[in-house]
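Below is one structure, written out as structure tokens; comments come after it.
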Amino acid sequence: MDSLASTAAPSPHAREFCVGKGEPETSPLYLSEPTLYDFFGVRFSLRSNEPSLNKTLSFLYRHFMVRGGFSEETKLPLRFTLMTDSEYREPSLRVDTDGAFDLADVLRRGSNKFRFRIRATPEGGGWNGVQDAFLSHRFVMAFRGNECRFHDPVRWRAYAESVIFHCVLSILREHSILHAGVVAKQGNGVVLGGGTNRGKTTLTLGLVRNGFSFLSDDLAFIDPRSKFVAPFPRAVSVHEKTVAFFPECRAALQTHPTMSLSGDDKWLVDVNELIPNSLGSACPVRTIILLEGFAERTELKPLSRSEAVIGCLNFAHGSAENAVELMLTLSDLVRDARCYSLRSGVLPEVVDMITQTVMEP
Amino acid sequence: MLDFDCCCPRRKEGIVLRKLGGEAILYDPGQKKAHVLNATALTIWELCSGEVSVRQIEERLKGDFEIDDPLELRSDIEETLVRFHTEGILVL
């Protein structure tokens, strides 16, 4: 059984990290200048002494990076500092905000609440341990207020990236979010709603290769006022097996993989590099397709609007507190959309069927 | 055994209704659960104000819908009310 006893308490040897001290890229004490990002108006900065993580995040979110910087970093609503110093302590993350910020709240929200369980640690001190249900309830992190420590020596970068992302989402109020791929054809949005392992990324890439614009492979950000879906062009994480469908991704395999939360190796691919000029812009949703799994032959069946709303609610990313708002948003969304359920056969067949359906007047 | 003749079913407070064409969605924020209603179930739901008896609901549906079998209608109404009640969104 895993225990936090030896890992959760702050080390007495903990040292302060300083920007610019030590040798860049080589010293564990060197903390980078902040990299600045903007997610739908939520601006945040990230400093780290871990070059590989900086590199991964700046590639993953390259389309969200703010060049030139902000005039005053301290005015940003979120400021992340990620530190590693393996000689003395575990990797840790601190989130600075203008007010109080409780990282544990972030893990109690949305789909996180199904995966992570928060427990008081034996040594107390205000630290809460986090068990990962996907890893036999192993303790993988610990929180205290705005600080987080990562226990998992293998997956800690994936956890850090996830915590940072969910912190940003937790203060993002303007959008309703669904687990969905999003593409567009002639300015008409197609939302491909589905949970993990339903083939969102593969289908999204297949459609983009077939002439659709790319908006997202994983999350649909819907503006409740305009009912438009916004682009979220984060780099796509592909498995080795995905490359079998997309030989153009082969070059990515020459780079170092990143480890996903499930422990698999994944490679990051910028869709706009893969298929130039494929990035789409915000557009109305005209087609909603719920990915129901796989079949020998592709089946695309019409859904009633009510069924589509219920289906999308199952793929909602967010807290239960805004479920009513989301339901109302989705109800408005489906009024102008054609809705389907899909069981996917082979990729070319699925892509052809969706393309044909979307192009129908 | 419920006496439907004397009963005036009442919707639980806080249930959110959204009409979509001929159908509707009920969302119960307490239980975080959504339900799809067809046109008949929607009419029944809207009549469950706590002041309308099951007999009056039956009469109203006879007026609003083409009913082939009145006995089946009564049975359908009772079944729908029991389902709402079982789902915790209706007080009988």
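The values are calculated or read from the model by the stated rules, or taken from the named source; none is laboratory data. What you see is a predicted model; the values in this text were computed from it and never measured. Virtual Cβ from ideal backbone geometry, glycine too; neighbours counted across all protein chains shown.
Restricting the search to helices (runs of 4 or more DSSP H) fully inside the range A:305-359 and requiring at least 2 residues that are at the interface with another protein chain (Cβ under 9 Å from one of its Cβ atoms) and β-branched (Val, Ile, Thr) gives A:305-314, A:323-335. Residues that are within 14 Å of another protein chain (Cβ to nearest Cβ), closer than 19 Å to A:LEU219 by Cβ and part of a helix (DSSP H, G or I) are absent from the range A:272-285. Which of (1) in contact with a strand residue (DSSP E or B) (Cβ under 6 Å, 6 or more places away or on another chain); (2) in contact (Cβ under 8 Å) with a residue 60 or more places away in the chain is the odd one out, the single condition A:LEU330 does not satisfy? Looking at each condition in turn, A:LEU330 falls short on (1).
Quick one: is A:PRO233 assigned to a loop (DSSP other than H, G, I, E, B) and surrounded by 19 or more Cβ atoms within 10 Å (Cβ to Cβ)?
yes
When the range A:249-284 is filtered for residues that are within 21 Å of the chain's Cα centre (by Cα) and among the β-branched types (Val, Ile, Thr), the ones remaining, listed by number, are A:THR255, A:THR258, A:VAL269, A:VAL271. Starting from the range B:32-43, take each residue that is within 12 Å of B:ARG83 (Cβ to Cβ) and list its partners that are surrounded by fewer than 18 Cβ atoms within 10 Å (Cβ to Cβ), counting only C-beta distances under 7 angstrom and pairs at least six apart or across chains. Within 7 Å, the pairs are B:HIS35/B:GLU87. With respect to the conditions (1) at pLDDT 90 or above; (2) more than 25 Å from the chain's Cα centre (by Cα), A:GLY20 falls short on a single one, namely (1). Working only within the range A:258-276, note down all residues that are in contact (Cβ under 8 Å) with a residue 60 or more places away in the chain and either touching a His at 6+ places or on another chain (Cβ under 6 Å) or under 26 Å from A:PHE150 (Cα atoms) (or both). Answer for the range A:258-276, where residues must be in contact (Cβ under 8 Å) with a residue 60 or more places away in the chain and either touching a His at 6+ places or on another chain (Cβ under 6 Å) or under 26 Å from A:PHE150 (Cα atoms) (or both): A:THR258, A:MET259, A:SER260, A:LEU261, A:SER262, A:GLY263, A:LEU268. The set of residues from the range A:119-145 being in a loop (DSSP other than H, G, I, E, B) and buried (at least 19 other Cβ atoms within 10 Å of the Cβ) comprises A:THR121, A:TRP127.
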